[in-house]
Amino acid sequence: LVKAMTPIGTTDWNSLFWIAHNAGPKVLDQIEVEIGLERQKLEVTRHVLSEYGHMGGVGVVFMLDEMRKRSLVERKATTGRGLDWGVMFGFGPGLTIETMVLHSVPLET
């Protein structure tokens with residue numbers, strides 16, 4: 001995570017929007033604990049998990065759309081709920097973790 005975010009100059013994980021693989025509540029709880037993430041940062045992930053269950057790899061794309069929709073409804077300035085930068089990550093077999101830096105786009109409010 002540090003390596004992925006260094007080019008944009010942040011290690012303040014709570015200053016980012018988050019799209020996380022919806023592996024389950026216990027996994028999400030542990031992510032929050034390990035990196036000191038505020039609970040609301042994984043709100044979209046938790047919502048999708050509770051409403052639709054584990055969606056596999058496509059879940060992160062679904063969550064991106066959910067965040068975009070919420071940003072519009074909440075009249076936020078960007079697709080990242082008003083934040084410019086975010087992170088998306090997923091888990092794979094053998095404890096593979098892939099991370100992607102996201103840059104949100106402005107919304108017309």
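Mean projected area of the Cα convex hull of the range 1-103, taken over all directions, amounts to 6.3 nm². Lysine pair count for the chain (Cα-Cα distance under 23 Å; residues 8 or more apart in sequence or on different chains): 4. How big is the gap, in Å, between the Cα center of the range 94-109 and the Cα center of the range 40-68? Taking the Cα centre of the range 40-68 as reference, the centre of the range 94-109 is 13 Å away. Ranked by the mean number of other Cβ atoms within 10 Å per residue, highest first, peptides 13-24, 45-56, 97-108 order as 13-24, 45-56, 97-108.
Less than 5 angstrom separates the built amide H of T78 from those of L83, L107, all sequence-distant by 5 or more or on a different chain. Fewest neighbouring Cβ atoms within 10 Å first, the residues R39, R70 line up as R39, R70. For the range 53-109, the Cβ-based charge dipole about the Cα centre amounts to some 180 debye (Lys, Arg positive; Asp, Glu negative; other atoms uncharged). Residues considered: K76, K41, K26. Largest GNM mean-square fluctuation over the chain, using C-alpha springs under 10 Å, is found at K26.
Taken together, the values in this text are just the output of simple stated rules run on the coordinates, not laboratory data. Predicted, not measured: the structure shown is a model, and the values here were computed from it. No Cβ is skipped: glycine too gets one built from the backbone with ideal geometry, and neighbour counts run over all protein chains shown.
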